[in-house]
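These notes concern the structure reproduced below.
The values are calculated or read from the model by the stated rules, or taken from the named source; none is laboratory data. Predicted model, so just to flag it, every value in this text is computed and none were measured. Please note: Cβ atoms are built from the backbone with ideal geometry, for glycine as well, and neighbour counts cover all protein chains shown. The area values use the complete protein model at the heavy-atom level, side chains included, leaving out ligands, DNA and RNA. Shrake-Rupley method; radii C 1.70, N 1.55, O 1.52, S 1.80 Å.
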Amino acid sequence: MKEISIINTTKPQLLSVESEYGLATINNIEFEYDLKKIKLLHNFDIKITLDNDNIFNEITLSKFEKVNFHFINIYSSHDKINWEKITVINIHLNAGKLIISLPLIQAKYINLIINEFTISNDSTKIQGSINYISNPLISTSSNLDRLWVAQNLLEWRNDYGWSSAIHADQKEDIINIDLNHEFYISRIKLKSINENNNYFPVNFLIELSNDKILWNRVISEENYFVSKNNWYEWGFTLYKSRYIRIITIPARVRKNEYVSKILSIDIYAIPQNIIYQAQKNYFSNIYASELFPGLVKLAENNSTLSGVVIQGNDSRLREATTEYHGITQLAKDGESRAGVSVQGNDSRLREATTEYHGITQLAKDGESRAGVSVQGNDSRLREATTEYHGITQLAKDGESRAGVSVQGNDSRLREATTE
């Protein structure tokens, strides 16, 4: 499957646009129709031919004050014979433009069908365009100065890239990229600066996310030393992502001085329709991810790597014992059988009362509040003396030994008589 550079990609070029209203006037990526004041088009059916297989993710129709339609269907084809429907992500009207957002698509032919298309203004012209939209936004936790800034990473300059501030220790820096669109990302490249001491990050992580909440780590490198002015690339399982986060640990410049420098970055994605076509191919090498079905790699015993599948004989799947972690059967309420796990709603886990067994809160030393349990080191449990309250041993009847307590039935406590 052909990968597409998100950063360095040319916009699609139109060869022809035709419909039942004839050929449109073409200007670069834009086309224009003169509908001669036709206000209701039951099916506005346009067939667009691009220059070779181009990529795009947006179609616009403009010069509208208001547009009404029942639904929009968009199809793509490589041969003008077999057509595949494209999922529409979003449709909205903005400043007179009907903007149709799509996933990244690669195709030579496009068929746009708008059902019950009503125009409410007096214009006889409809303009349209086929676009590739990315406009990534990039920011960093620190910059060296006004020349070595984050935006250089996307502009592919030869003189300046990005440099972190000079740190007194190996403090991490973060590069954040918002692609402003969802892509099936397949590969990332980083370029070192053209100096022998290139200060490429010695340790770094690259993570992807579609919502900035759940992050998938796709690259982890340690002691990564590189040559000057070279591209270094990493391929990985496809992830549908909008956000990229690069966490860098700087290289040592001299004592108490650390810095990271990267000249450029490139990000590759695979068009959605190409992925779906590959799924139908028995020789597909698409790997499964959290967001995409595909082939899986079996994990080694106890492996914690992402993107691999645990096998049935993994030692973590054995039954748990007092010596080993493992899986357990849940206990029924009140069940005291060995080898089962007590559930959180077990009645034995309710608070203890004077009528039922249960769990209690431990009392502080000397605390006399109801509902708490006295601990074994409570000062009230020390042996009683003539100076402190405490516990005592009971005395036998008539016993006069020190340190024991006379019981209530001691014969010495009976009423005195003359006898």
Checklist line | Those residues of region 168-203 whose amide nitrogen sits under 15 Å from the label point placed on D159, 7 Å along Cα→Cβ | finding: 194
Check: For region 267-419, what size does the Cα cloud have along each of its three principal axes, sorted from largest down, in whole Å?
Finding: 116, 35, 28
Margin query: Could you work out how much longer the chain between V253 and K332 gets when fully extended? Use 0.36 nm per residue separation minus the Cα distance between them, nm to one decimal.
Written below: 22.2 nm
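With r defined as the distance between the Cβ atoms of K171 and L305 and R0 fixed at 25 Å, what FRET efficiency is calculated, to the nearest 0.05? The partial results should precede the final answer.
Values: r = 28 Å, r/R0 = 1.11.
E(calc), rounded to 0.05, equals 0.35.
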Next item on the list: Enumerate the residues in region 359-400 having an amide nitrogen under 17 Å from the point lying 7 Å beyond the Cα of S347 toward its Cβ.
Entry: 359
Checklist line | Inverse of mean 1/r across different Cα pairs in region 333-419, Kirkwood, Å | finding: 17.4
Checklist line | Per-residue [θ]222 nm for the chain (sum of -39500 (n - 2.57) over DSSP H runs n ≥ 4, rounded to 500) | finding: -500 deg cm²/dmol
Next item on the list: Please give the length that would be gained between E355 and F71 if that part of the chain were fully extended, namely 0.36 nm times their separation in residues minus their C-alpha to C-alpha distance (nm, one decimal).
Entry: 95.5 nm
Notebook entry, point to check: Which one of N223, N180, N143 has the biggest mean-square fluctuation once the chain is modelled by GNM with Cα springs under 10 Å?
Noted result: N223
Notebook entry, point to check: Put a dot 7 Å past each Cα toward the Cβ at E221 and N197; how far apart are the dots in nm?
Noted result: 2.1
Next item on the list: Can you work out the accessible area per residue across region 128-236, with the rest of the protein chains kept in place, probe 1.4 Å, in square angstrom?
Entry: 50
Next item on the list: Return the carbon/sulfur percentage of the accessible area of the chain, one whole number, probe 1.4 Å, all protein chains in place.
Entry: 47
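Let me know the charge dipole size of the chain about its Cα centre in debye, to the nearest 20, where only the beta-carbon of Lys, Arg (+1) and Asp, Glu (-1) is charged. Each step should come with its number before you reach the end.
Values: 45 positive and 51 negative charges, 202 e Å.
Around 980 debye, computed over the chain.
Add +1 for every Lys or Arg and -1 for every Asp or Glu among the other residues with Cβ under 14 Å from the Cβ of S264, and state the total.
Numbers: positive: R157, K189, K191, K228, K261; negative: E155, D159, E233, D266.
Cβ neighbours under 14 Å give a net charge of +1.
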Margin query: Less than 17 Å from a label point 7 Å out along the Cα-to-Cβ axis of L394: which backbone N atoms in region 402-419 qualify, by residue?
Written below: 403-414
Notebook entry, point to check: If we restrict to alpha carbons, what Rg and Dmax does the chain come to, in Å?
Noted result: 37.0, 137
Item checked: Set of aspartates and glutamates near K332 by C-alpha distance (under 13 Å), chain-local residues within fewer than 8 positions excluded -> D346
Check: aspartates and glutamates near K364 by alpha-carbon distance under 14 Å, same-chain residues fewer than 8 away left out - which ones?
Finding: D378
Next item on the list: Identify all aspartates and glutamates with a Cα-Cα distance to K255 below 13 Å; exclude those on the same chain that are fewer than 8 residues away in sequence.
Entry: D169
Next item on the list: Taking the dipole about the Cα centre of the chain, with the C-beta of Lys and Arg at +1 and of Asp and Glu at -1, give me whichever of Q311, S77, I247 is farthest to the positive side.
Entry: S77
Check: Which of N409, N230, N90 moves most in a GNM of the chain, Cα contacts under 10 Å?
Finding: N409
Note to self: List the pairs from K85/K108; K80/K240; K2/K85 whose alpha-carbon separation is above 22 Å, in the order I gave them.
What the structure shows: K80/K240
